[in-house]
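Before any comments, here is the structure.
The values are calculated or read from the model by the stated rules, or taken from the named source; none is laboratory data. The structure displayed is predicted, hence computed values, not measured ones. So basically every Cβ, Gly included, is an ideal-geometry build from the backbone, and we count neighbours across all protein chains shown. Surface accessibility is based on the protein's heavy atoms, side chains included, excluding ligands, DNA and RNA. Shrake-Rupley method; radii C 1.70, N 1.55, O 1.52, S 1.80 Å.
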Amino acid sequence: MKGSERRADDFQSRREHLKNMTDEQLKDYFWQLTEKVVDPLLELARTHTTPSVERSVLLRMGFSSLEAKPLVEGAIDRGLIGHGTGNVIYRIAKEKNISIREAGLALIEGKFWDDAVTMFKGGNR
């Protein structure tokens, strides 16, 4: 490596707190560390969304761009976009025991929005 020194091998000292752990303890520790890394990303995703991001999610859920637009606009109009438009559709589908596609199409027709607002306690997140 040009212009840099070789890093000292400190593996033994860095693994000291791990060496007496069982496989199960190591697995639990791994997931604890993973949560520490992922939790801030999830919070960022929860608090920072845009109509474009929401439409992109809906496209990946199988809705067309023509279908995604009114769904995102409906979520915005009702203060639900902060909960994620895809999440709103998913939760409606689960509550009504219908497919995600059926739930989305029903929302486009104007159905279930009141249920969604109630479900998310008024929106505005």
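Before rounding to the nearest 500, sum -39500 (n - 2.57) across all DSSP H runs of length at least 4 in the chain and divide by the residue total; then give [θ] at 222 nm in deg cm²/dmol. Write out the running numbers ahead of the final one.
Details: 7 runs with 80 residues, N = 125.
It lands at -19500 deg cm²/dmol.
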| remark: In nm, the gap between the two label points placed 7 Å beyond Cα toward Cβ at Glu109 and Ile76 is 2.5
| remark: Taking R0 as 25 Å and r as the Cβ-Cβ distance between Gln12 and Asp39, the FRET efficiency 1/(1 + (r/R0)^6), rounded to the nearest 0.05, comes to 0.25
| query | Starting at 0 and stepping by 5 Å, how many percent of the alpha carbon pairs of the chain end up in each bin? | reply | 2, 10, 16, 15, 11, 7, 7, 6, 7, 7, 7, 4, 1, 0
| request: Give me the percent of the accessible area of the chain that comes from carbon and sulfur atoms, probe 1.4 Å, all protein chains in place. | output: 54
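Take every Cα pair under 8 Å in the chain that's 6+ residues apart, average their separations, divide by the length, and report that relative contact order as a whole percent. Intermediate results must be reported in sequence, preceding the final value.
Working: 83 pairs, mean separation 27.3, N = 125.
Normalised by residue count, the contact order of the chain is 22 percent.
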| task | Using Cα positions and a limit of under 25 Å, work out the lysines in reach of Lys36, with same-chain residues fewer than 8 apart set aside. | result | Lys19, Lys27
| With springs only between Cα atoms under 10 Å, which of Arg55, Arg14, Arg91 fluctuates most in a Gaussian network model of the chain? | Arg14
| note | Cross-link reach from Lys111 to lysines, straight Cα distance under 17 Å and at least 8 residues apart if same chain, gives Lys69, Lys94, Lys96
| task | Could you state the accessible area per residue of the chain in Å², with a 1.4 Å probe and every protein chain left in place? | result | 74
